[in-house]
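Notes for the one structure printed next.
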Amino acid sequence: MEEKLTGLLEINYFKYGNPADKNNDHFTDVTLQDRMSLFNKFSFKRKDNRQANIAMRYVYEDRWGGEMNWNKKYRGGDSVYGESIYTSRFELIGNYQLPVKEKLVFSYSANQHDQHSAYGKILFNARQQVAFSQLTWEKELSAKHALLSGIVARYTWYNDNTMATLDTLNNTDKPDKILLPGIFVQDEINLHPKHQLLLGARYDYDHRHGNIFTPRFAYKFSTNPNNIFRLNAGTGFRVVNIFTEDHAALTGARAVVIAEKLKPERSYNVNVNYLKKIYTENHWLVIDISSWYTYFTNRIVPDYTTNTNQIIYNNLSGYSVSKGASANIEYGLKNNLRVTLGGTLMDVNLTKKDATGKNVRSRQLLTENWSGTWTISYTFVGAGLTVDYTGNVYGPMLLPLLSDKDPRPGKSPVWSIQNIQFTKKLRGHFEIYCGVKNLLNWTPSKNTPFLIARANDPFDKRLNEDNPYNLTFDPTYVYAPSQGIRGFLGVRYAINH
């Protein structure tokens, strides 16, 4: 019997429950986690190979970090500091190609995300529901024109226990409800076998911000499949989303403040890319080089310095520029060696007027100017052994300090995390692997007198006691992992069918 349905089921559980405090500040170095995820996808076989897929995903996570003697009985209290986050998320995604002659595909998704968090004694409870639908039409107008057009709509419902969703006039709860409809069209034009051009435009309507128009342009020139040049340009927009999945332990001590009715962030960008491939009988080489320039207006920027107990979000009264270049090289010898090297140069700066009306340019916090990454893999074919050496390196970044008296460095050092892994193939689809992570045993605590300011007074109850730098509690001085060198060992079994 011919199969009409195929499915994929994935179940994942991750637990890390060993509190560690290697830098002796009485706070956990790493977030402790219990995370479970379920994923199930079904694909339906239909006439004329029409698409029909549906998938469901559920994720639950319980994570915390804080003082070493914290446990759940202290959650939300002010006796022992801890940041405890419960996250529950359900998502439905799918698409369905309509049974008509034209290629019409309906895509849809819906998700609900609940979060219950305690940052010390500050509680943050929120729910977000998002429904999305899109209908696209693909049409080959001629040998030179391929049309893609569509209509799209996104509905977002959001509520939390903060002032962000409070009707202050009536002192009642007022969930945020946003309907964002839009239309788009693009034409892929084959000017010549070596030249392709793409022209596109999108229109969205937001009742808070009005009409939003975002055009797009792309050009591709390929002398042959192994030499490709691309040029892309366009505009974009973004609004701040208070509710995010990226709440992390040891970053929530500051209150998030939306200082004003935020305008949408607009961007204007251009990107250039060149791809070169070289293949011979014994080796291969791929070179990928990119450069970009993005100009932002109404940039939504977090302010760490105005109030040391807050992260204030507002629109930049000026403009911001992000520019840079990156290069990636992949080299391989057949059967045994593979090398990947990558590097990025980046400049992200903000320009705004000072009290005298003069434009002042500053570098963005927590952004490095350069970084690099590498992977070197070698296989001893006869022994069935593979060695993988991986790593990254980051240049200095500016860090948020509490005051001029703060003794912590205002700039991070150059730092690198490097790892090595050995994998041995065994009989019967088994593999055994082992290795060492963070070979250099590097942690940020080695370059500063302390990472967490006033770790001995997380609720600021004793600010006048033993406080020579006049600091308040602040765990946001984080720019790198705090886990030192560690080993690992595991077994894998591959199922082939």
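Read the figures in this text as sums done on the coordinates, not as results from a lab. Note that this is a predicted model, so its numbers are computed, not measured. Cβ sites come from the backbone with ideal geometry, for glycine too, and all protein chains shown count toward neighbours.
List of remarks:
- Extension gain (nm, one decimal) between Gln364 and Ser317, 0.36 nm per residue minus Cα-Cα: 15.5 nm
- Each Lys or Arg adds one and each Asp or Glu subtracts one; over the other residues with Cβ under 12 Å from the Cβ of Ser79, this totals +2.
- Note on Thr356 and Asn447: with the Förster distance fixed at 35 Å, the Cβ-Cβ geometry gives a FRET efficiency of about 0.45.
- The orientation-averaged projected area of the convex hull spanned by the Cα atoms of the chain comes to 30.8 nm².
- Each label point was placed 7 Å from the Cα along the Cα-to-Cβ direction; for Asp404 and Tyr293 their separation is 3.8 nm.
- Charge dipole (the chain, unit charges on Cβ, about Cα centre) - positive-most of Gly490, Asn271, Phe229: Phe229
- Backbone N atoms of segment 311-336 closer than 20 Å to the 7 Å Cα→Cβ label point of Thr156 belong to residues 311-316.
- Which of Leu451, Tyr60, Val30, positive extreme of dipole for the chain (C-beta unit charges): Tyr60
- Proximal lysines relative to Lys47, as straight alpha-carbon distance under 22 Å, when same-chain residues fewer than 8 apart are discounted: Lys4, Lys101, Lys103, Lys139
- Backbone N atoms of segment 317-349 closer than 11 Å to the 7 Å Cα→Cβ label point of Ala494 are not found in any residue.
- Full extension of the chain segment joining Leu231 with Arg46 gains 62.8 nm, where the gain is 0.36 nm per residue of separation less the Cα-Cα distance.
- Potential lengthening between Leu135 and Ala20 on full extension [0.36 nm per residue; Cα-Cα distance subtracted]: 36.3 nm
- Point-to-point label distance, Val478-Ile329, nm (Cα→Cβ direction, 7 Å offset): 3.6
- Point-to-point label distance, Asn456-Asn392, nm (Cα→Cβ direction, 7 Å offset): 3.5
- Candidate lysines - alpha carbon under 19 Å from Lys177, same-chain residues fewer than 8 apart omitted: Lys261, Lys263
- When segment 5-493 is described by a simple charge dipole with +1 on each Lys and Arg Cβ and -1 on each Asp and Glu Cβ, the residue from Tyr86, Val105, Pro407 located farthest towards its positive end is Val105.
- Neighbourhood charge, 10 Å Cβ-Cβ cut-off, centred on Pro19 and excluding it, Lys, Arg +1 and Asp, Glu -1: -3
- With 10 Å bins from 0: P(r) over segment 376-497, alpha-carbon pairs, percent: 11, 29, 22, 16, 13, 7, 2
- Residues of type lysines that Lys446 reaches as a straight line, Cα spacing below 17 Å, ignoring anything fewer than 8 places off in the same chain: Lys22, Lys411
- Positive minus negative residues near Gly384 (Lys, Arg vs Asp, Glu; Cβ under 15 Å): +2
- Under a model in which nothing but the beta-carbon of Lys, Arg (+1) and Asp, Glu (-1) is charged, segment 5-493 shows a dipole of about 1380 debye around its Cα centre.
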